[in-house]
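A.B. asks: Input: one structure, supplied below.
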Amino acid sequence: MHVRDHAVHQFAEKVSPYLEQAEIFAGEMNLAEVNVAQLQLAKKLPPGVTIMDLFPKKKYLKIQRSLARSFDFDLDKFKGLHPFLIVALISESQLSKDHAESLDQFLWQEAERLNKRMTGLESAEYQIEIMRKMPLETSLRQLKHLARSPQKLRREIQRMLTYYESQNIRQLYILGKRQLQDMRRVLLYDRNTGMANRIKWLMQEGSLFATFGAGHLAGAKGVLRKLKLSGVKIEPIII
């Protein structure tokens, strides 16, 4: 999710001193490596398949009407997109757009301005592969549930922003894990392992400022736990 809400952006200035001190900046993905055409292709359903083909006609029309009424979202315009990403787009639409760019884009640009060594915790190819692994049935269930209970999404978005503002990484993890359902291994646990290994390796190259989704931090399989188990000393900083 590309967050431009002030509730998240408010911390950008507070972390600037740590960014300035670092030799290496690692985003969740190396934005300079992104092949836009490949990325857009990975977001789509298989050729010749649309979201309309994955529901009975009456069910599709019911979902379409609900999303239009509740979120002013025209499902027909995104009928070739993977349903997981449709849910993500609708979720993003419920956030304020207080800033021109998402937080990850903003920090990437700041690091470039400071002439840091730029890299990513995950490759663009790996993120594309993740999209291809997303279970279709789970995403379709999420879309149906969203259309059936639009107020639940609004409540979850508000809780997420509250947890961000209070820096409650455990509750962000619990909320995200629940939403992912059987996509947890692909979208959370496997990625946590890869990110932790990459961070440990980059730390040997120089002082590191790494950014990634807050939902990856906490939990028994979270990045912080994995770094601790590998011998890295973790000290939280309240900002």
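A.B. asks: Being surrounded by 14 or more Cβ atoms within 10 Å (Cβ to Cβ), of a type in the set (S, T, N, Q) and more than 30 Å from ILE24 (Cβ to Cβ): is that true of SER139 here? Steps first, please.
C.D. replies: Details: surrounded by 14 or more Cβ atoms within 10 Å (Cβ to Cβ): yes; of a type in the set (S, T, N, Q): yes; more than 30 Å from ILE24 (Cβ to Cβ): yes.
It is true that SER139 is surrounded by 14 or more Cβ atoms within 10 Å (Cβ to Cβ), of a type in the set (S, T, N, Q) and more than 30 Å from ILE24 (Cβ to Cβ).
A.B. asks: Can you say whether LEU161 is buried (at least 17 other Cβ atoms within 10 Å of the Cβ), at pLDDT below 95 and not in a loop (DSSP other than H, G, I, E, B), as far as the supplied structure shows?
C.D. replies: It is true that LEU161 is buried (at least 17 other Cβ atoms within 10 Å of the Cβ), at pLDDT below 95 and not in a loop (DSSP other than H, G, I, E, B).
A.B. asks: Taking the options LEU81, LEU121, name whichever one is within 24 Å of the chain's Cα centre (by Cα), surrounded by 13 or more Cβ atoms within 10 Å (Cβ to Cβ) and modelled with pLDDT under 95.
C.D. replies: LEU81
A.B. asks: Pull out all pairs, ordered by first then second residue, where Cβ-Cβ is under 7 Å, the residues are six or more apart or on different chains, the first lies in segment 123-146 and is part of a helix (DSSP H, G or I), and the second is surrounded by 14 or more Cβ atoms within 10 Å (Cβ to Cβ) and among the basic types (Lys, Arg).
C.D. replies: Within 7 Å, the pairs are MET131/LYS43.
A.B. asks: Pull up segment 214-239, narrow it to residues that are in contact (Cβ under 8 Å) with a residue 12 or more places away in the chain and charged (D, E, K, R), then point me to the one that is nearest to GLY176 (Cα to Cα).
C.D. replies: LYS221
A.B. asks: Something else: Give the number of residues within segment 61-109 that are part of a loop (DSSP other than H, G, I, E, B), without any contact (Cβ under 8 Å) to a residue 60 or more places away in the chain and not charged (D, E, K, R).
C.D. replies: 3
A.B. asks: Another one. Specify the residue that is surrounded by the most Cβ atoms within 10 Å (Cβ to Cβ); the eligible residues are those in segment 174-210 that are hydroxyl-bearing (Ser, Thr, Tyr) and part of a helix (DSSP H, G or I).
C.D. replies: Of everything passing the filter in segment 174-210, TYR189 is surrounded by the most Cβ atoms within 10 Å (Cβ to Cβ).
A.B. asks: Which one of the conditions (1) farther than 30 Å from THR162 by Cβ; (2) of a type in the set (S, T, N, Q); (3) crowded, with 16+ Cβ neighbours inside 10 Å does ASN115 fail to meet, given that it meets all the rest?
C.D. replies: (3)
A.B. asks: Here is a list of conditions, (1) closer than 17 Å to LYS144 by Cα; (2) surrounded by fewer than 17 Cβ atoms within 10 Å (Cβ to Cβ); (3) of a type in the set (Gly, Ala, Ser), and ALA88 meets all of them except one; can you say which number that is?
C.D. replies: With (1) closer than 17 Å to LYS144 by Cα; (2) surrounded by fewer than 17 Cβ atoms within 10 Å (Cβ to Cβ); (3) of a type in the set (Gly, Ala, Ser) applied to ALA88, the lone miss is (2).
A.B. asks: I need the full set of residues from segment 177-190 which are out of contact with any Lys or Arg (no Cβ under 9 Å at 6 or more places or on another chain) and either among the polar types (S, T, N, Q) or closer than 16 Å to LYS152 by Cα (or both), in order please.
C.D. replies: ARG178, GLN179, LEU180 - these are the residues of segment 177-190 that are out of contact with any Lys or Arg (no Cβ under 9 Å at 6 or more places or on another chain) and either among the polar types (S, T, N, Q) or closer than 16 Å to LYS152 by Cα (or both).
A.B. asks: Loosely packed, with under 11 Cβ neighbours inside 10 Å and either within 17 Å of SER123 (Cβ to Cβ) or of a type in the set (A, V, I, L, M, F, W, C) (or both): is that true of ILE239 in this structure? Before you say what the answer is, go through the steps one by one.
C.D. replies: Numbers: loosely packed, with under 11 Cβ neighbours inside 10 Å: no; either within 17 Å of SER123 (Cβ to Cβ) or of a type in the set (A, V, I, L, M, F, W, C) (or both): yes.
Considered against the rule, which asks whether it is loosely packed, with under 11 Cβ neighbours inside 10 Å and either within 17 Å of SER123 (Cβ to Cβ) or of a type in the set (A, V, I, L, M, F, W, C) (or both), ILE239 comes out as no.
A.B. asks: If you don't mind, another one. Counting just the residues of segment 29-65 that are more than 22 Å from the chain's Cα centre (by Cα) and closer than 19 Å to ILE128 by Cβ, which one comes out surrounded by the fewest Cβ atoms within 10 Å (Cβ to Cβ)?
C.D. replies: Step by step, filter segment 29-65, then rank; the result is PRO47.
A.B. asks: Can I ask one more? Only one of ALA26, ALA12, ALA68 is at pLDDT 95 or above, closer than 14 Å to TRP108 by Cα, hydrophobic (A, V, I, L, M, F, W, C) and surrounded by 13 or more Cβ atoms within 10 Å (Cβ to Cβ). Can you tell me which?
C.D. replies: Values: ALA12 fails: at pLDDT 95 or above; ALA68 fails: closer than 14 Å to TRP108 by Cα.
The unique qualifying residue is ALA26.
A.B. asks: Condition first: over 20 Å from PHE11 (Cβ atoms) and of a type in the set (A, V, I, L, M). Now tell me which residues in segment 64-108 satisfy that.
C.D. replies: The answer is LEU67, ALA68, LEU75, LEU81, LEU85, ILE86, VAL87, ALA88, LEU89, ILE90.
A.B. asks: Would you be able to say whether some residue in segment 129-136 is modelled with pLDDT under 90 and touching a Phe, Trp or Tyr at 6+ places or on another chain (Cβ under 6 Å)?
C.D. replies: Yes, that holds for at least one residue.
A.B. asks: Would you tally the residues in segment 184-213 being in contact (Cβ under 8 Å) with a residue 60 or more places away in the chain and among the acidic types (Asp, Glu)?
C.D. replies: 1
The values are calculated or read from the model by the stated rules, or taken from the named source; none is laboratory data. Bear in mind the structure is a predicted one, so any value in this text is a computation, not a measurement. With ideal geometry, Cβ positions are generated from the backbone for all residues, glycine too; neighbour counts draw on all protein chains shown.
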